[in-house]
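Presented below is the structure to which this report refers.
Laboratory data are not the source of any read-out in this text; all were calculated from the coordinates shown. Note that the coordinates shown come from a computational prediction; the quantities given were computed from them, not determined experimentally. FYI the Cβ positions are ideal-geometry reconstructions off the backbone, even for glycines, and counts take in every protein chain you see.
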Amino acid sequence: MANDRLTEAYRCGQLFAALAALERLSEGPHHSLGKPGVRRQLSTEPRKHLTVHLWQAGRYLAGAANRDQGPAAAVIFRQLPDLLPRRRELPGEIRDPAERARFQEGVQAQEAAIEKALAEL
């Protein structure tokens, strides 16, 4: 059970990184997921904060295309299904420090994966 929760936290971190990158391509550098303190909030209550951005992913894709960032946004958008936690919905709370650390590891791993994928464009 504990390993499953750690894995879910990691996948939530990956999902956050992808949604933040997609929103940044759509909205520019002052996007909502890039604001100070947002990552900490999300690492604690992913369902409450990430669900809205997950629903907006299509809008972010279209917005990025309007800003001539369509190919990069498409690469990130295609990653989203593989990043969803395996549970039916996102975890409601991540309170354990080890789980929050796994969230941060997921963010870093996905940021590196996105950077690599975009370099191949």
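The figures follow:
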| quantity | calculated |
| --- | --- |
| Under the span-like rule (Cα at least 15 Å along the axis, Kyte-Doolittle mean at least 0.5), DSSP H helices of the chain | 70-83 |
| Average silhouette area of the stretch 66-121, convex hull of alpha-carbon atoms, in square nanometres | 5.1 nm² |
| Gain in span if fully extended, residue 30 to residue 65, counting 0.36 nm per residue against the direct Cα distance | 10.9 nm |
| Student exercise, the stretch 21-121 dipole from Lys, Arg, Asp, Glu Cβ charges, in Debye to nearest 20 | 300 debye |
| Rule-of-thumb Rg ratio for the stretch 6-69 [Cα; 2.2 N^0.38 Å; N residues] | 1.09 |
| Projected label distance in nm at residue 84 and residue 117, using a 7 Å step from Cα toward the beta-carbon | 1.5 nm |
| Length-normalised contact order of the chain in % [C-alpha pairs under 8 Å, at least 6 apart] | 45 percent |
| For the chain, convex hull of alpha carbons as volume per residue, Å³ | 91 Å³ |
